[in-house]
Amino acid sequence: QKNIRDDLDVAVAKGLLDKIGVEYRFSHDRIQEATYNMMEDRVRRLFHFTYGLSLASLSIEEECDGILFIAVNQLNLGGPAIVQDPSQSFTVAGMNLRAGKKAMGMSDFKTALSYMNHGISFLREHHWGEHYDLSLELFELAAKCALSNGDHKRVSLLFEQVLGVAHSFEDKLEITYTYVRSLLTSSCLGEALTKGLYVLNELGIVLSGDLDALLVETKSMLAEHSDEQLLSLPVMTDRTKLMAMKFLSRTQTCLLHTNPKSQPKATLHMVQYSLRHGMSGLSSFGFGLYGSFLACLGDIPAGYRYVKIAIKLAEKLNAIGSIGEVLAVGSQVMGYVEPLQSVNEVIVRSLECGLAVGSISNAMLSCLMNTVCAFWSGKHLSLVKSNVDDTLRLMSSHSTLVWILQTLPL
């Protein structure tokens, strides 16, 4: 240690380092950068990787997210090529998955995507056979983060890879759902609808039959429950049934743009499916859509009632992923009952919720509604114009052409 300190003191004398107490630091960032670049590439990578492994152990002991992020960043700077022990590759892939989930929880989907992509890069050649669950989760979450960043090409590539190696139809559902959402937000509505209907058919849900008869049946089922009873129904826990609700929700959105007359069928199926199999976060979305449908039929009081039930249900279930959509749909009915100024507050909350969970379609819908509401609530036209410009920039940054086309007439 004395020899090291002597060498450091020489560097201090030459002005390369500053000594503050017992600590040393580079006297200028450029000196640090030059010193770093003088290291051989492999030596530099090995240094990063070794440092990252040391911090990784500390992050587990301390349960500190800050140390976890530093550790994973150092490991990623080392890169897959520096790894000698195959087991370390999967350990680092798992740490990237953990860091990515933490970043998603903070709504930082750009950083989360970087972690997921790095995690995938550390997977070895036969990873689907040796570490199937880890691989599947990395690919699923990477696709979700890519969608939140508007990278539809990346979503497609990840989807195609999983499709070829998944062990079962059920294992394909999550990433297929993300792919359908990607198709929807990139305005490939026909393909999204075809894919969604195929999955629903495989799950035993067929959107056929007479709409009026389906509505009568739904009203009859709902008549058996009071508002309090609806809010107290059992929670849906079956994974496949939860996925069915997801596909019903996206299919109704596709139908809204391609075949509006059939869209209520998906809504009514969501309500009936919830009554039969239990409530989920997307059940609240289904009830919100049902309220909107009743309002469109002219029954504003009934529509408003089910919108209020939908919001209460979402809040009770802490449906973070659905509350934004519930508020976006519900606000369209609330505008007939409540002052537009208060409705606009609901829309802004919907926008914030959508961006927080990476639900870009919902966020863009809320942007559009916020602009319209600002106009009709009497805000100064210069503020409305500024609102429109901000909305178009946000839509453009997320590659949401279908929403841009609806906003341009404004």
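The values are calculated or read from the model by the stated rules, or taken from the named source; none is laboratory data. Source: prediction; values computed, not measured. Every residue, glycine among them, receives a Cβ derived from its backbone with ideal geometry; neighbour counts consider all protein chains shown. Just so you know, the surface numbers come from the protein's heavy atoms only, side chains and all, with ligands and any DNA or RNA stripped out. Shrake-Rupley method; radii C 1.70, N 1.55, O 1.52, S 1.80 Å.
A few remarks follow.
- Largest accessible area first, the residues Val12, Val199 order themselves as Val12, Val199 under a 1.4 Å probe with ligands, DNA and RNA left out.
- Sorting His269, His48 on solvent-accessible area from highest to lowest, probe radius 1.4 Å, gives His269, His48.
- For the chain: relative contact order, % (alpha-carbon pairs under 8 angstrom, 6 or more apart): 9 percent
- DSSP-assigned coil residues among trypsin sites (Lys or Arg not before Pro) in the range 1-66, each with at most 16 further Cβ atoms within 10 Å: Lys14
- Tensor-based shape of the range 157-270 (alpha-carbon gyration tensor, a/c under 1.5 rounded, otherwise prolate or oblate): oblate
- Taking a sphere under 14 Å around the Cβ of Gln32 and counting the other residues whose Cβ falls inside, with K and R at +1 and D and E at -1, yields a net charge of 0.
- Where [x] 49, 26, 19; [y] 33, 27, 24; [z] 38, 23, 20 are the candidate values, the label of the one calculated here for semi-axes √(5λ) of the Cα gyration tensor in Å is [x].
- Rounded to the nearest 10 Å², the accessible area of Lys144 at probe 1.4 Å: 80 Å²
- Average Cα contact separation per residue, the range 124-206, under 8 Å, 6 or more apart, as relative contact order %: 23 percent
- Relative contact order %, the range 213-300, counting alpha carbon pairs below 8 Å whose residues are six or more apart: 32 percent
- Charge context of Arg349, other residues only, Cβ under 13 angstrom, K/R +1, D/E -1: -4
- Applying a DSSP loop filter and a limit of 16 other Cβ atoms within 10 Å to the chymotrypsin sites (Phe, Trp or Tyr not before Pro) in the range 291-364 leaves Tyr336.
- Summarising the label geometry, the points placed 7 Å from Cα in the beta-carbon direction at Arg25 and Leu233 lie 6.0 nm from one another.
- Ligands, DNA and RNA left out, the 1.4 Å accessible surface of the range 66-218 is 53% carbon and sulfur atoms.
- Cross-link table Lys219/Lys308; Lys265/Lys385; Lys195/Lys241; Lys265/Lys312, entries beyond 27 Å C-alpha to C-alpha: Lys265/Lys385
- Multiplying the residue separation of Met221 and Asp133 by 0.36 nm and subtracting their alpha-carbon distance yields 27.7 nm.
- Ranking of Thr111, Thr178 by solvent-accessible surface, largest first: Thr111, Thr178 (1.4 Å probe, protein heavy atoms only, all chains present).
- Karplus-derived 3J(HN,Hα), 6.51/-1.76/1.60, for each residue of the range 204-213, Hz, glycine and proline x: x, 10, 10, 8, 10, x, 7, 5, 4, 5
- Folded to 0 to 90 degrees: helix 340-356 orientation relative to the chain principal axis, Cα: 40 degrees
- Stokes-Einstein diffusion coefficient of the range 227-266, Kirkwood radius over Cα pairs, 37 °C, 0.692 mPa s, in µm²/s: 281 µm²/s
- 5 angstrom amide H check on Met279, placed H, neighbours 5+ away: Val235, Met236
- Working note: Karplus 6.51/-1.76/1.60 with θ = phi - 60° gives the range 139-155 the couplings 5, 4, 6, 4, 5, 4, 5, 4, 4, 5, 9, x, 8, 5, 5, 5, 4 Hz, where Gly and Pro are set to x.
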